[in-house]
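Read-outs: derived from the displayed coordinates by stated rules, not from any lab. This one's a predicted model, so the numbers in the text were calculated from it and none came from an experiment. So basically every Cβ, Gly included, is an ideal-geometry build from the backbone, and we count neighbours across all protein chains shown.
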Amino acid sequence: MNDADKSGTDTPFVHYEVSDGFAVLTLDSPHNRNALSSRLVRELLAGLERAAGDERARGVVLTHTGNTFCAGADLKEALDADPAAAADIRTRWMIQVLRDIITVPKPVVAQVDGNVRAGGMGILAACDIAVAGPASSFALTEARIGLAPFMISLTLLPRMSSRAAARYYQTGETFDAAEAERIGLITVAADDADAEVRRLRGELRKGSPQGLAEGKRLVNAALLAEFDRGAQELAERSAGFFGTPEVIEGMTAFFERRPPSWAE
């Protein structure tokens, strides 16, 4: 089955399984590089809810198939929809995904060995532990299409150093796992992400369910309080930018594989 065929079938975009005491959520939407389409977001939210109530799962592993963990928003879906209505739905869903990762009463471990872009960066930052392998690369490319990392700042800014955020928010440069670890975006840059996550899962299984849950609450208390204070404003700012001339030009240029009008 090729990628185009898969996008039109009932094959899940987010697979759920329990392995070695952890709920494993695997993003598997290769036709759009695991972009945050409405379908993938719905399935991811359902998977997080299921994991939260699954007594077999001590924690959650969030991973991916293919060479991309998550490419950010599904720009084709955004262009094809009514900009205002679609933007409102996307912002609400993105906030829900980030908040659910932060508040699910179990440790969430991201296992990445591929590209992470835009909204995928916010998901990565929301996870309690993030492990990235040598094939990983990271970029915040929103400015290049007339946007900014509005909602994902709720999780990115508490993790990244302020100097790194100022640089990468504006340049859109790509950086590797070693740099991601240095600036606080990820926990570990590993030679073998799978082996490191297996090791961490073993360590986490030594913790009791209530001990893990309360530890997570303590660590995330300040982050969650700031998240809830700023989410609505950032959602409104984000939604207000979709449909503007610069964003339309940026998205159109992206799909036409050309520089946008403002680029030299």
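Observations on the model:
- Leading residue at positive end of dipole, the chain (Cβ point charges), from 124, 160, 70: 160
- Trypsin sites (Lys or Arg not before Pro) restricted to segment 132-236 and DSSP loop, no more than 15 other C-beta within 10 Å: 205, 206
- Note on the chain: with charges restricted to the Cβ of Lys and Arg (+1) and Asp and Glu (-1), its dipole about the Cα centre is near 600 debye.
- Of the Cα atoms belonging to the chain, the radius of gyration and Dmax stand at 17.7, 56 Å.
- Per residue of the chain, the DSSP helices (runs of n ≥ 4 H) give a summed -39500 (n - 2.57) that works out to -16000 deg cm²/dmol at 222 nm.
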